[in-house]
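Colleague: Before I ask anything, let me first share the structure, which is written out below as structure tokens.
The values are calculated or read from the model by the stated rules, or taken from the named source; none is laboratory data. Every value quoted in this text rests on a predicted model; they were computed, and no experiment measured them. Glycine gets a Cβ as well: all are built from the backbone with ideal geometry, and neighbour counts include every protein chain shown. Side chains are part of the model used for accessible areas, which takes the heavy atoms of the whole protein and leaves out ligands, DNA and RNA. Shrake-Rupley method; radii C 1.70, N 1.55, O 1.52, S 1.80 Å.
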Amino acid sequence: MTWEVLSIIGTVAFAVSGAIVAMEEEYDILGVYILGIVTAFGGGAIRNLLIGVPVSALWEQGLYFQIALFSITLVFVFPQFLMKHWNRWGNFTDAIGLSAFAIQGALYAAKMEHPLSAVVVAAVLTGSGGGIVRDMLARRKPLVLRAEIYAAWAIIGGFAIGLGWARSSFELYTLFVFITLFRIFSYTFHWKLPSRSIYNEKSHFEQ
């Protein structure tokens, strides 16, 4: 039951984030719904394709689709009211969604006895794939690849499950708390992975 609650929180967070990005880009109502749904379920769809789970399995999540559609509708009808709360709780619920979905994706792949690499990829795609697709459709640089550390925590979760370090319910919940907390620390303290710009290097050589 707890996993279902966490998945619902993640679904709401991702659907709302997709709808908000669509409205920031001034998409029409259809675009808002499409971007919200893609953000919430896009990562799972890509994961299913890569690990051999029928994509049609997504349509069995009727409750989650209804929750996502309801969340998107609220954003579209009451944008100003929800934005006040989203600015405070958006990153927190997103961290829960990342953690729950990454673990869920890794467990899917591990259950099908896929190799470690597939388990890690499944964790990353389920946890952050929807956000990447969302940003690409909105013609933005994928946030999860350039902002505070994001996908790296999903990778760690994938390794923990793929290597058998997290199997029991207690271990999985501990892993969930770990990923959630460190994602929160990432955006709170602005932790970022090292990066370099070829344009800065070019300017340095020209001087």
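Colleague: Using the structure shown, decide if LEU82 is more than 27 Å from SER169 (Cα to Cα), in a helix (DSSP H, G or I) and touching a residue at least 40 places away in the same chain (Cβ under 8 Å). Break it down stepwise before answering.
Modeller: Numbers: more than 27 Å from SER169 (Cα to Cα): yes; in a helix (DSSP H, G or I): yes; touching a residue at least 40 places away in the same chain (Cβ under 8 Å): yes.
When the stated conditions are applied, LEU82 passes them.
Colleague: What do you reckon, is SER99 polar (S, T, N, Q), part of a helix (DSSP H, G or I) and over 15 Å from the mean Cα position of the chain (by Cα)?
Modeller: Working: polar (S, T, N, Q): yes; part of a helix (DSSP H, G or I): yes; over 15 Å from the mean Cα position of the chain (by Cα): no.
So SER99 fails the test.
Colleague: If you don't mind, another one. With the condition kept exactly as written, say whether any residue in the range 72-93 is among the β-branched types (Val, Ile, Thr) and at pLDDT below 85. Even if it seems obvious, please write down each step before you answer.
Modeller: Step one: filter the range 72-93 for residues among the β-branched types (Val, Ile, Thr), giving 72-73, 75, 77, 93.
Now narrow it down to the ones that are at pLDDT below 85: 93.
The answer is yes, given that some residue of the range 72-93 is among the β-branched types (Val, Ile, Thr) and at pLDDT below 85.
Colleague: Can you give me the number of residues within the range 68-104 that are surrounded by 15 or more Cβ atoms within 10 Å (Cβ to Cβ) and charged (D, E, K, R)?
Modeller: Number satisfying all stated conditions: 1.
Colleague: Identify, from the list PHE185, PHE170, PHE189, the residue that is free of Cβ contacts under 8 Å to residues at least 12 places away in the same chain and surrounded by 14 or more Cβ atoms within 10 Å (Cβ to Cβ). It would help to see each step written out before you state the result.
Modeller: Numbers: PHE170 fails: surrounded by 14 or more Cβ atoms within 10 Å (Cβ to Cβ); PHE189 fails: surrounded by 14 or more Cβ atoms within 10 Å (Cβ to Cβ).
The conditions single out PHE185.
Colleague: Of the conditions (1) touching a helix residue (DSSP H, G or I) at 6+ places or on another chain (Cβ under 6 Å); (2) more than 22 Å from ILE161 (Cβ to Cβ); (3) among the acidic types (Asp, Glu), ASP28 clears all except one; give me its number.
Modeller: (1)
Colleague: Sticking with this structure for a sec: Tell me which of these TYR173 doesn't satisfy, since it passes every other one: (1) modelled with pLDDT of 90 or more; (2) under 24 Å from GLU4 (Cβ atoms); (3) out of contact with any Leu (no Cβ under 9 Å at 6 or more places or on another chain); (4) hydroxyl-bearing (Ser, Thr, Tyr).
Modeller: The one condition TYR173 does not meet is (1).
Colleague: Sticking with this one: Which condition from (1) free of Cβ contacts under 8 Å to residues at least 40 places away in the same chain; (2) part of a helix (DSSP H, G or I); (3) farther than 17 Å from GLY43 by Cα is the one that ARG196 breaks?
Modeller: Exception for ARG196: condition (2).
Colleague: Can you tell me which residue is farthest from the chain's Cα centre (by Cα) among those in the range 105-119 that are of a type in the set (Gly, Ala, Ser) and open to solvent by less than 60 Å² (accessible area, probe 1.4 Å)?
Modeller: Going residue by residue through the range 105-119, those that are of a type in the set (Gly, Ala, Ser) are 105-106, 109-110, 117-118.
Narrowing further to those that are open to solvent by less than 60 Å² (accessible area, probe 1.4 Å): 105-106, 109-110, 118.
Numbers: GLY105: 11, ALA106: 13, ALA109: 17, ALA110: 19, ALA118: 17 Å.
My answer is ALA110.
Colleague: Identify the single condition in (1) over 17 Å from ILE46 (Cβ atoms); (2) surrounded by fewer than 21 Cβ atoms within 10 Å (Cβ to Cβ); (3) at pLDDT 90 or above that TRP153 does not satisfy, given that it satisfies every other one.
Modeller: For TRP153, the failing item is (2).
Colleague: Next question. I'd like the full set of residues that are among the β-branched types (Val, Ile, Thr) and open to solvent by 60 Å² or more (accessible area, probe 1.4 Å), limited to the range 1-40. Before you say what the answer is, go through the steps one by one.
Modeller: First, pick out the residues of the range 1-40 that are among the β-branched types (Val, Ile, Thr): 2, 5, 8-9, 11-12, 16, 20-21, 29, 32, 34, 37-39.
Listed by number, the residues that qualify are THR2, VAL5, ILE29, ILE34.
Colleague: Answer yes or no: is there a residue in the range 138-148 that is basic (Lys, Arg) and open to solvent by less than 60 Å² (accessible area, probe 1.4 Å). Walk me through it before giving the result.
Modeller: Initial filter on the range 138-148 (basic (Lys, Arg)): 139-141, 146.
From what is left, the residues that are open to solvent by less than 60 Å² (accessible area, probe 1.4 Å) are none.
Within the range 138-148, none of the residues are basic (Lys, Arg) and open to solvent by less than 60 Å² (accessible area, probe 1.4 Å).
Colleague: A further question follows. Go through the residues of the range 128-143 one by one and say whether even a single one is assigned to a helix (DSSP H, G or I) and over 18 Å from ALA22 (Cα atoms).
Modeller: Taking the range 128-143 and keeping what is assigned to a helix (DSSP H, G or I), we get 128-137, 143.
Filter once more, keeping what is over 18 Å from ALA22 (Cα atoms): none.
No - not one qualifying residue is present in the range 128-143.
Colleague: Can you tell me how many residues in the range 86-114 are without any contact (Cβ under 8 Å) to a residue 24 or more places away in the chain and over 19 Å from ARG183 (Cβ atoms)?
Modeller: 2
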